[in-house]
Amino acid sequence: LPALFKQELQNTEAEEGGRASLRCELTKPNTPVEWRKGDITLYPGLKYEMKQQGSAAELVIHDLELDDS
């Protein structure tokens, strides 16, 4: 069976230049997560930090810009 969202992403507010953290929880632990913004796949680096522990996945966006909304 596919993994489903137990807890979906919630909207968050942050200031330009700061950082934002987006979290979700899946029904299956250690399921690979692909973070996307529209049609663009996001990859870890200076801008994006991806964390996953068990069924919880988190995306941290650093150095926020208006385009990140």
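The values are calculated or read from the model by the stated rules, or taken from the named source; none is laboratory data. Keep in mind that what you see is a predicted model, and the values were worked out from it rather than measured. Every residue, glycine as well, gets a Cβ built from its backbone with ideal geometry; the counts of neighbours run over all protein chains shown. Keep in mind that these areas ignore ligands, DNA and RNA; they rest on the heavy atoms of the full protein, side chains included. Shrake-Rupley method; radii C 1.70, N 1.55, O 1.52, S 1.80 Å.
A compact table of results
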{"read-out": "Full-stretch length increase - Ser21, Thr41 - with 0.36 nm per residue and alpha-carbon distance subtracted", "value": "5.5 nm"}
{"read-out": "Histogram of C-alpha separations across segment 5-61, 10 Å bin width, %", "value": "22, 54, 23, 1"}
{"read-out": "With every protein chain in place, the chain: carbon and sulfur % of accessible area (1.4 Å)", "value": "50"}
{"read-out": "Karplus (6.51, -1.76, 1.60) ³J(HN,Hα), θ = phi - 60°, over segment 47-61, in Hz, Gly and Pro reported as x", "value": "7, 10, 10, 10, 10, 8, 9, x, 9, 9, 10, 9, 10, 10, 10"}
{"read-out": "Lysines with Cα under 16 Å of Lys47, excluding same-chain neighbours fewer than 8 positions away", "value": "Lys37"}
{"read-out": "Cα-projected label distance for Tyr48 with Glu65, points at 7 Å along beta-carbon direction, nm", "value": "1.5"}
